[in-house]
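Asker: One structure, pasted below without further comment.
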Amino acid sequence: MSTTAAPREVSSPPPVPKVPAGGRTIRQRLNAFDMKVSPYLFISPFFILFLLVGLFPLAYTAYVSVHEWGLISGRQEYVGFDNYLNVLGQTNFAKATRNTFSIFLISSIPQVIAAIAIAAVLDQNIRARTFWRMGVLLPYVVAPVAVALIFSRLFADQSGMVNELLGLVGIDPIRWHAEVLPSHFAIATMVNFRWTGYNTLIFLAAMQAIPRDVYEAAIIDGAGRLRTFFSVTVPMLRPTLIFVIITATIGGLQIFDEPRMYDQLGQGGSDRQWLTLTMYLYELGWGPQKSFGQASAVAWILFLIIVVIGLVNFMITRRVATTGGKS
Amino acid sequence: MRTTRSRVMTVTAGMASLALFVAACGSNDGGDSSSAAGEGGGESSDEAVTLTVATFNEFGYEDLVTEYMELNPNITVELRKAATSNEARDNLNTRLAAGSGLADVEAIEVDWLPELTQYEGVFVDLSDPELEGRWLDWKEAQATTEDGQLVGYGTDIGPEAVCYRSDLFEAAGLPTDRDEVAELLGSTWDDYFAVGEEFIASSDVAWFDSAGAIYQGMINQVDNAYEETDGTPIPLAENTVARGVYDDVMAASVGQGLSANLAQWSEDWTNAFQTDGFATMLCPAWMLGVIEGNAAGVEGWDIADTFPGGGGNWGGSFLTVPTQGENLEESQKLAAWLTAPEQQIKAFVAKGTFPSQVEALDDPELLELTREFFNDAPAGQIMATRAEAVEVVPFKGPNYFAIQQLVSDAINRVDVDGTDDADDSWAKAENAFDELGLS
């Protein structure tokens, strides 16, 4: 954060020395040039990088998406919005959208709630604090593909451990790979396993930044543990909450590794029970159709969906947190 | 509050730029590669040349490459190995699209060879009068394009036999000796299913592992499964041949209940080897190693020298020389040397890849090979007979892979997931075919 903040202070130019009316020396001109241009040069790396790896791919994807474009055959003729219409009409697109949202909701909501709860616990004076705090981050260290490989074994339909454990308490085996919702639940479990700890640490950091005297004042006013949590902690977490929810939205809607590794074929199940939008994009571009045009169209649709959802999230979170905080 | 919000924005922006940066790094190592092609493109054989060979799974080339470098001191050969065939396919496609970064010699599996050979000028025409007749006819035909170019030198093949559990056969009152079993299983798929019915009547074990695998075996005996010989895809709704095979498989696996309802390579399938999940399975040569690994500790596996409906081949690979390379001539020489019978026998001994070369099939070293795990079955001899029994060379055009995938999904919906019945599932496949937009 400090590095981003530093140029801002530097960039406010000190007052330029008065120039004699007769004109300026070269040195003075250079100096003035330096004053005007240098700040932009200092901040330019970010913008150049952003142009190169952010904006350009975005624009180029849009360009590809309005052409017939093969993975190997390259650019063919211009087709306008055909790729978009084509993709929107496919059953797999509808399934992918359904699955993506379903997995996103099943994973993100419990994840954020659990992360706040765990962070609240870790924020207390417990023994071996550092141990617990590092402990929650541990799953984050495991590569997503490794997580997916392990979990897909645990969730195997006939021979998986989860079903065996369920059998012990008298629950019939659940068909984790055959049915839609169970498969989403299993994939959401992987996501939660990996990301809850990460979000917990972010919340924890934010909680520690809340001034302790606010709590003291609340306790003196007679507020209990729960009351302080809901009336002090949660409202003061607002900015962090927005950040976490937005990153969770982006990550959740772009989910790829976990569903791709969920079975041996990686195509989202025989009835596309857990095909997500990014997997669908990959299938269009690198699968049998090798159509970069359609894949790019999906990429743009996904981008727009994320922007819309992100904005909605932002507004809801702002409203909710504001009303909570000002009351 | 003002300051906190702007700080959040700063953090968000920072994270965003970091994410972009990380993303850029990620795409880098996929995109531009260490194109380790040779430095000199000269004809002179004394010039130092570096060649790369890209394979997947186990081709058994490690020692061969060293041997080649000893024979040709000016040549350095580097071996790149991908873990799976799919990974190799993705890599190959991406680098073909990028126009650089391919190895000088690329291994390609037969199922996705046609989708690559449809693009002209991507691979060197390797036809060489001296090498005529080196491979089994049907193997050579698989890598020959319509205009007579040979784009790949055959490496291994997957002639199919039937593997069975003699202990489970015995418990069900069936013969256990491999010759008797071969006779019992008969010569047609109906025979095979009929014995299965007899078997499950006196056993709790399923007859075969997966309807998808049986379908693979059957469809590989059809000349034009999904495409006319000129490459035009046959609409699935009008494809009576594929539908017929599909119905037969469905009747046997769901109707007669012969299937263990497993998808090959799934976790449940792998575990079923340890829990007596099924009594027989179709086994291409390369499957023997898979069975041995998955069923470690299980006794009773054996190989019957028969295959329903005549011979059958499943899988196998080729070495190709992409035109991107800088030392096409040297690469071709290397590919030809690696796929010579003598070398392929060594690869077979090392990793069990069954040779596709005519001469190699009579090689005593191959014929005498037995496998202890399969009750000392003469695996080399059996597979050599099976290779000669292959009659049909199924036509696999550029769309084969895609359509095969649709049908195999349809089968898994019924056999494994049980989410649809056979007719509904086929209707879904027809719909998916239309959405592919091939015609």
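The values are calculated or read from the model by the stated rules, or taken from the named source; none is laboratory data. Bear in mind that the values here come from a model prediction, so they are computed numbers and not experimental data. Note that we place each Cβ from the backbone using ideal geometry, even for glycine, and neighbour counts take in every protein chain shown. Areas reflect the complete protein model, heavy atoms only, side chains present, ligands, DNA and RNA absent. Shrake-Rupley method; radii C 1.70, N 1.55, O 1.52, S 1.80 Å.
Asker: With (1) in contact with a helix residue (DSSP H, G or I) (Cβ under 8 Å, 6 or more places away or on another chain); (2) away from chain B (no Cβ under 14 Å); (3) closer than 18 Å to A:Gly252 by Cα as the list, and A:Ile113 as the residue in question, which single condition is left unmet?
Answerer: (1)
Asker: Still on this structure, I have one more. Which numbered condition trips up A:Ile301, out of (1) within 12 Å of another protein chain (Cβ to nearest Cβ); (2) over 25 Å from A:Tyr140 (Cβ atoms); (3) surrounded by fewer than 22 Cβ atoms within 10 Å (Cβ to Cβ); (4) touching a residue at least 40 places away in the same chain (Cβ under 8 Å)?
Answerer: (1)
Asker: Also, quick follow-up: From the residues in the range A:22-70 that are away from chain B (no Cβ under 14 Å) and within 30 Å of A:Ala297 (Cα to Cα), which one is surrounded by the most Cβ atoms within 10 Å (Cβ to Cβ)?
Answerer: Going through the qualifying residues, I end up with A:Ser65.
Asker: For the range B:157-210, what are the residues that are assigned to a helix (DSSP H, G or I) and of a type in the set (Phe, Trp, Tyr)?
Answerer: Across the range B:157-210, the qualifying residues are B:Phe169, B:Trp189, B:Tyr192, B:Phe193, B:Phe199.
Asker: If B:Glu160 meets every condition in (1) open to solvent by less than 40 Å² (accessible area, probe 1.4 Å); (2) farther than 26 Å from B:Glu359 by Cα apart from one, which number is that one?
Answerer: (2)
Asker: Further question on the same structure: Do you know which residues across the range A:71-105 are closer than 28 Å to A:Leu181 by Cα, away from chain B (no Cβ under 14 Å) and surrounded by fewer than 18 Cβ atoms within 10 Å (Cβ to Cβ)?
Answerer: Of everything in the range A:71-105, those that are closer than 28 Å to A:Leu181 by Cα, away from chain B (no Cβ under 14 Å) and surrounded by fewer than 18 Cβ atoms within 10 Å (Cβ to Cβ) turn out to be A:Arg98, A:Phe101, A:Leu105.
Asker: Where in the range B:222-337 are there strands (runs of 3 or more DSSP E), lying fully within it, with 1 or more residues that are surrounded by fewer than 22 Cβ atoms within 10 Å (Cβ to Cβ) and modelled with pLDDT under 90?
Answerer: Of the strands (runs of 3 or more DSSP E) lying wholly inside the range B:222-337, those with at least 1 residues that are surrounded by fewer than 22 Cβ atoms within 10 Å (Cβ to Cβ) and modelled with pLDDT under 90 span B:313-320.
Asker: If you take the residues in the range A:147-177 that are part of a helix (DSSP H, G or I) and away from chain B (no Cβ under 14 Å), which one is least open to solvent (accessible area, probe 1.4 Å)?
Answerer: So, considering only residues that are part of a helix (DSSP H, G or I) and away from chain B (no Cβ under 14 Å), the one least open to solvent (accessible area, probe 1.4 Å) is A:Val147.
Asker: Moving to a separate point now. Step by step: first the residues of the range A:238-267, then only those that are surrounded by fewer than 23 Cβ atoms within 10 Å (Cβ to Cβ) and assigned to a loop (DSSP other than H, G, I, E, B), then the one that is nearest to the other protein chains (Cβ to nearest Cβ). Which residue is that?
Answerer: A:Gln264
Asker: So is A:Ser270 within 12 Å of chain B (Cβ to nearest Cβ) and touching a strand residue (DSSP E or B) at 6+ places or on another chain (Cβ under 8 Å) or not?
Answerer: no
Asker: Additional query: If I filter the range B:111-122 down to residues being outside any loop (DSSP other than H, G, I, E, B) and open to solvent by less than 10 Å² (accessible area, probe 1.4 Å), which single residue comes out as nearest to B:Gly397 (Cα to Cα)?
Answerer: Among residues in the range B:111-122 that are outside any loop (DSSP other than H, G, I, E, B) and open to solvent by less than 10 Å² (accessible area, probe 1.4 Å), the one nearest to B:Gly397 (Cα to Cα) is B:Glu115.
Asker: Looking at the range B:229-277 only, could you name the residues that are within 14 Å of another protein chain (Cβ to nearest Cβ) and among the charged types (D, E, K, R)?
Answerer: B:Glu267, B:Asp268, B:Asp276
Asker: Here is a list of conditions, (1) more than 9 Å from chain A (Cβ to nearest Cβ); (2) farther than 30 Å from B:Val65 by Cα; (3) at pLDDT below 90; (4) touching a helix residue (DSSP H, G or I) at 6+ places or on another chain (Cβ under 8 Å), and B:Val407 meets all of them except one; can you say which number that is?
Answerer: B:Val407 satisfies all of (1) more than 9 Å from chain A (Cβ to nearest Cβ); (2) farther than 30 Å from B:Val65 by Cα; (3) at pLDDT below 90; (4) touching a helix residue (DSSP H, G or I) at 6+ places or on another chain (Cβ under 8 Å) except (3).
Asker: Could you please give the count of residues in the range A:226-237 that are outside any loop (DSSP other than H, G, I, E, B), within 13 Å of chain B (Cβ to nearest Cβ) and in contact with a helix residue (DSSP H, G or I) (Cβ under 6 Å, 6 or more places away or on another chain)?
Answerer: 1
Listed here are the residues, each with its yes/no results for (1) small (Gly, Ala, Ser); (2) within 14 Å of chain A (Cβ to nearest Cβ); (3) without any contact (Cβ under 8 Å) to a residue 24 or more places away in the chain.
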| position | (1), (2), (3) |
| --- | --- |
| B:Thr76 | no, no, no |
| B:Asn91 | no, yes, no |
| B:Val105 | no, no, no |
| B:Glu140 | no, no, yes |
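Residue by residue, here is whether (1) touching a Gly at 6+ places or on another chain (Cβ under 7 Å); (2) of a type outside the set (Asp, Glu) holds:
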position: B:Gly289; (1), (2): yes, yes
position: B:Glu299; (1), (2): no, no
position: B:Asp305; (1), (2): no, no
position: B:Gly309; (1), (2): no, yes
position: B:Gly316; (1), (2): yes, yes
position: B:Leu319; (1), (2): yes, yes
position: B:Gln332; (1), (2): no, yes
position: B:Gln343; (1), (2): no, yes
position: B:Ala347; (1), (2): yes, yes
